[in-house]
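Since the structure comes first, as structure tokens, the remarks are kept for the end.
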């Protein structure tokens, strides 16, 4: 920001932003079938109306990952595949709320380019991506846009201010959706694309430039083609404000007020839980040029308690798809003879992960003849998606025994990943197993209060392996003895051992930034979804005791204590807690159940 004379007339421009909505348009939980406070653009709508009413001039932006991730998203793409020409519900919601521009995130491509193009065509505002190109080198989507607002300045004058907006996403998107994007598009480095786009916006006479950056913060220095580069983008000359996302965190973070970026920035939380608000003070120079002289950046949170927010406009616009989604979610699938939950999934394998892994192994064993394994050991690895953390105290899988509906199936396996398999050697497997333990904090035997999980890393990125006996020493950091031992079928894993690991397309293509998987050999992939494989496996209720499982043992210095947080309903299943010595501490103000573990 420039140091301007205090005599320069000033005006205000407000930037409102959402990010990582993931198909949550209504304040409704399709798993439980009830309206729920604090989630969905329906809840954010109330914040948007209030924030707009307070400002003389404002614009509303979204930072991507809006299209995929909720039940209504899956039903919408199914209807499209069935030939139904109904408007996309997420785009309908954004049009209803009058967004001014939307950036693309990596998950927009999960359903393929044809579907995304059909959705983009329905938008009443520009849909942007500045770093994706066709194979011929042309930009695949609109790279930037100009939004004009009339701003009143302190001297009584009114001037049209031109706001330039551009958008970038992680180059890793090409790997994560390799089957859908390979041979069709390329993705430029985010920083390189941003610099080029800023020049174009300056030529187009933009007074203010906003970066929609579908990328998170990293403690590492920026490197070309990295995944999380928000800090470097905020430091670029020419950028006046940044909306970032992707990692499902919040910024500014009240828990860490020391975190600062070079420009005003917000990272709104997932599912419409937050509205990012950046207020820019604009100074009008004698030449007529408008520049940013001051700013504030805050998050406004949707109320998580009380009655759910009901927006009549959105409910009316989405009534048909809402009813169809609720109907499809109640379609019977099978029967469960065991309650499957994820309350302790951050601690090691559970019945839930065992079932998913069994389905994956069956699928790979059917797809690959023994000769293709060439003597390698076939095992499976899966993450459990709903483990609270960044997504709230009630975000856990909990499906009762009895009739299983499609809603329950989607609760067991949230994302529409597809089946895949990779080959790794013993050294790569050790690296993989150790790297996923980053979700655990390094524990100090003398610490009076410490948490088991490291909030920097999401617990949903922790793999559960079959057939492996894993021992972690949490008194040691990763790379310095954290993986105490690793055995397969009671034999120590050697660097030259060979394994074929059944997994999903996200992991197989390097999702989660795991070193081992960057060099792993892909030996199988297919367009069939992991949820479909699980549905087929559960068509006949399994013998849970006979399922292949693994063993994960957490250790630390004797007497070390730490707090493990989980969902409040974990109190009903404490017999499943894989820890001998523990004490239930009680519920936190935000509804999490705290359990003190003693090593």
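The values are calculated or read from the model by the stated rules, or taken from the named source; none is laboratory data. Because the structure is predicted, anything quoted here is derived from the model rather than measured. Cβ placement follows ideal geometry from the backbone for every residue including glycine, while neighbour counts extend to all protein chains displayed.
Just wondering, is there one or more residues in the range 414-426 that are more than 27 Å from residue 539 (Cα to Cα) and surrounded by 19 or more Cβ atoms within 10 Å (Cβ to Cβ)?
Yes, the range 414-426 has at least one match.
Please tell me if residue 589 is modelled with pLDDT of 95 or more and over 21 Å from residue 353 (Cβ atoms).
no
If we only count strands (runs of 3 or more DSSP E) wholly inside the range 269-359, which ones have 2 or more residues that are more than 25 Å from the chain's Cα centre (by Cα), buried (at least 22 other Cβ atoms within 10 Å of the Cβ) and touching a residue at least 24 places away in the same chain (Cβ under 8 Å)?
274-284
Only residues that are more than 23 Å from residue 218 (Cα to Cα) and assigned to a loop (DSSP other than H, G, I, E, B): list them for the range 475-494, please.
475, 481, 489, 490, 493, 494
Go through 377, 464 for me and flag whichever is touching a strand residue (DSSP E or B) at 6+ places or on another chain (Cβ under 6 Å), in contact (Cβ under 8 Å) with a residue 12 or more places away in the chain and under 22 Å from residue 511 (Cβ atoms).
Exactly one residue qualifies, and that residue is 464.
Name the single residue, out of those in the range 387-400 being in contact with a strand residue (DSSP E or B) (Cβ under 8 Å, 6 or more places away or on another chain) and either at positive phi or modelled with pLDDT of 95 or more (or both), that is surrounded by the fewest Cβ atoms within 10 Å (Cβ to Cβ).
400
If residue 69 satisfies all but one of (1) in a loop (DSSP other than H, G, I, E, B); (2) farther than 30 Å from residue 282 by Cα; (3) in contact with a helix residue (DSSP H, G or I) (Cβ under 6 Å, 6 or more places away or on another chain), what's the number of the condition it fails?
(3)
Would you list the strands (runs of 3 or more DSSP E) that sit entirely within the range 521-575 and hold 2 or more residues that are within 25 Å of residue 499 (Cβ to Cβ)?
Once the strands (runs of 3 or more DSSP E) in the range 521-575 are filtered for at least 2 residues that are within 25 Å of residue 499 (Cβ to Cβ), what remains is 521-529, 551-555.
For the range 495-512, enumerate the residues that are in a loop (DSSP other than H, G, I, E, B) and over 28 Å from the mean Cα position of the chain (by Cα).
Listed by number, the residues that qualify are 495, 496, 497.
Quick one: in the range 17-32, of everything that is outside any loop (DSSP other than H, G, I, E, B) and under 17 Å from the mean Cα position of the chain (by Cα), which residue is surrounded by the fewest Cβ atoms within 10 Å (Cβ to Cβ)?
Ranking the candidates gives 17 first.
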